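Computed from the coordinates by the stated procedures, all read-outs in this text should not be read as laboratory data. Worth saying up front: this structure is predicted, and the values here are computed from it rather than measured. Glycine also receives a Cβ, built like all others from the backbone with ideal geometry; neighbour counts cover every protein chain displayed.
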Amino acid sequence: MKLTKDAPELSATRLRRERDQHALDANALELFARVVAAGSFSRAARQLGLTRAAISRRMANMEQQVGQPLLARTTRSLGLTEAGRALSARAQAVLEAADAARMALRKEGDALQGRLRITSMRSFGLSVLVPLLAEFGRQHPGIAMELMLTERRVDLVREGVDVAFRVTRKPPEDCVAQPVLTFRISAYAAQGPVLPQPQALQEHALLMLQGGAQTWPLQWRHRHQNAHTTVELQPHVSADDLESLVALAVHGRGTVLAPDFAVREQLARGTLVDLLPDWELPIAEGNCVQALTLPVHTAGANARALVRLVLQRLAEATGQPPNASTPANKLG
């Protein structure tokens, strides 16, 4: 069929732009509507629990998808282009529908229901998180939970994860990070005596995570004085999971380097003792476990309820709110 003179040209670029406009998902449209309503990236970031950079990047991605500017930015204000005004009406409809759906769910009652997908590093998951999940399950029997223990950095959006517990100093900008537990890495064995200096560990059979056969220079920090010392340490046994190393230490087969939350039960029972109570081993990722969730407007009530419980119980156990400290090196 031959196009008439007045028929629009169906170029590949136009077809691609029309396809990308339809590819904008509800989350992107809802975010766009909230940014427009806030009037600035900074105000929207505060309202949504995101960084300004994350908001700016998402808006840039939307503009790239539709192939033209949506926002008219100045130093003092944020306006809409012609394309932005056209998209804003659709985005506002999506936002209103989402708010109405959330309101309807709230009206159904206080009981939480549905699914909750959680991921955690293995050591924190087994020693700290599992008992809290048991309590959470008793409080909210209508929630079906899925727990994934892995050291891999999980993408919450792509893998459909609601809450991730990770040790990190640089959480993803697209996530809300809440510190839940500070910890300290030390050396633990089945019996003493307490060591005066970390250098004394060179005489011990060391149990270390993924240490291999090589020697590791680890910088220790004194807890009460401005003192540091670097010790070359070589593992006697290395493994890819901390639980097996802790078990070996309990059976008197060596000294394990571990975070205190991974050995708290053994310390309470007296099956392990802290050989370096005045020292700690900082690591590159920091000394704080953080709960990562999606932004406030996206994260579900189930995820928020779990994080609240974890924060409350761990604050009760430690007697103080968690906080992060400056790291120094990465533990093998």
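Panel order for CYS288, CYS175, by other beta carbons found within 10 Å of each beta carbon, from fewest to most: CYS288, CYS175. The phi-based Karplus calculation (6.51 cos²θ - 1.76 cosθ + 1.60; θ = phi - 60°) puts the 3J(HN,Hα) values of region 128-143 at 10, 6, 4, x, 6, 5, 4, 5, 4, x, 5, 6, 10, x, x, 9 Hz, whole numbers, x for Gly and Pro.
Spin-label model, ASN27/ARG223: points 7 Å from Cα along the beta carbon direction are separated by 4.1 nm.
Between the amide H of LEU181 and those of VAL289, distances stay under 5 Å, these residues lying 5 or more places away or on another chain, with hydrogens modeled in the peptide plane.
If you wrap a convex hull around the C-alpha atoms of region 163-234 and split its volume per residue, what is the figure in Å³?
On the way: hull volume 12.0 nm³, N = 72.
Cα-based convex hull of region 163-234, divided per residue, equals 167 Å³.
Amide H contacts of MET148: ILE118, THR119, SER120, each under 5 Å away and 5 or more positions distant or on a separate chain (H built 1.01 Å from N in the peptide plane; Pro and chain starts excluded). Kirkwood radius, region 185-280, all distinct C-alpha pairs, inverse of mean reciprocal distance: 13.2 Å. When restricted to Cα atoms, region 79-230 yields an Rg and a Dmax of 23.8, 74 Å, respectively. For ARG223, the amide hydrogen comes within under 5 Å of the amide hydrogens of TRP279, GLU280, counting only partners 5 or more places away or on other chains and with H modelled in the peptide plane.
Which order, highest average first, do 250-259, 165-174 follow once you tally other Cβ atoms within 10 Å for each residue and take the mean per peptide? Display every interim value, and only then the final one.
Numbers: 250-259: 20.4, 165-174: 17.3.
Per-residue Cβ counts within 10 Å, averaged per peptide and sorted highest first, yield 250-259, 165-174.
Arranged from highest to lowest average of other beta-carbon atoms within 10 Å per residue, in what order do the peptides 46-55, 136-145 appear? Write down the numbers at each step before the final one.
Numbers: 46-55: 17.9, 136-145: 14.2.
The peptides rank, most packed first, as 46-55, 136-145.
Projecting the Cα atoms of PRO277, LEU292, ALA317 onto the dipole axis of region 254-320, where Lys and Arg carry +1 and Asp and Glu carry -1 at the beta carbon, places LEU292 farthest toward the positive end.
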